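Worksheet: one structure, shown below.
Just so it is clear, none of the values below were taken in a lab; they were calculated from the coordinates. Keep in mind it's a predicted model, so treat the numbers as computed, not measured. Quick reminder, even Gly has a Cβ in these numbers, built from the backbone with ideal geometry, and neighbours come from all protein chains shown.
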Amino acid sequence: MDICEKIAYIKGLAEGLSLDSDSKEGKILTAIIDLLGDITEEICDIEDACDDMSEQIDAVDEDLASLEDIIYEDDDCDCDCCEDEDCDCCDDEIYEVECPSCNDVIYLDAEMLEDEGIDCPNCGTHLEFDFDCDCCDEDCDCCEEAE
């Protein structure tokens with residue numbers, strides 16, 4: 001029996017006793033029962049709000065875990081091809097670039113660096129990148145494009 005059911009039971013008992021609400025004792029008992037009912041309603045509202053917040057916190061926690069996997073480059077790959085040495089699906093690197101105007105740190109991947117540039121999301125300054133490959137590998141795709 002939860003708290004809401006208990007207060008309903010107590011109210012039922014009080015009504016069954018046919019308390020005289022004009023007597024001193026009847027007034028006190030009626031006031032106490034009403035107060036218990038109000039407290040019970042508040043507790044139930046708080047419990048409902050806590051349940052809602054708990055669900056929202058769980059959702060935010062899941063989203064944060066996904067972001068952490070991306071940012072910290074979690075080695076768990078879902079493609080099941082990482083046993084192959086030729087697999088390059090998990091080699092995405094994240095680069096940090098500091099805006100010279102506002103000193104905001106921007107996180108970019110290799111594709112974004114290959115674009116002509118981007119606007120700083122904080123101050124709007126246009127940032128241009130000169131991304132040169134320094135791998136010195138003749139078989140590298142980016143070195144072949146430069147030639």
Amide H proximity to L127 below 5 Å, modelled H, separation 5+ or other chain, gives I118, D119, C120
A correct Stokes-Einstein calculation for segment 3-71, using the alpha-carbon Kirkwood radius, 4 °C and 1.567 mPa s, returns a whole-number D in µm² s⁻¹ of 85 µm²/s
Going residue by residue through segment 115-125, the Karplus relation 6.51 cos²θ - 1.76 cosθ + 1.60 with θ = phi - 60° gives ³J(HN,Hα) values, rounded to whole Hz and with x marking Gly or Pro, of 5, 5, x, 9, 9, 4, x, 8, 10, x, 5
Under 5 Å from the placed amide H of I106, counting only residues 5+ away or on other chains, we find V97, E98, C99
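Provide the packing ranking of 25-35, 57-67, i.e. peptides ordered by the mean count of other C-beta atoms within 10 Å per residue, highest first.
Details: 25-35: 12.9, 57-67: 10.1.
The packing order, highest mean first, is 25-35, 57-67.
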Whole-Hz Karplus couplings 3J(HN,Hα) for segment 44-56, θ = phi - 60° and coefficients 6.51, -1.76, 1.60, Gly and Pro as x, run 5, 5, 5, 4, 4, 5, 5, 5, 4, 5, 4, 5, 5
Once both label points are put 7 Å beyond Cα along the C-beta direction, the D52-E25 separation in nm becomes 4.4 nm
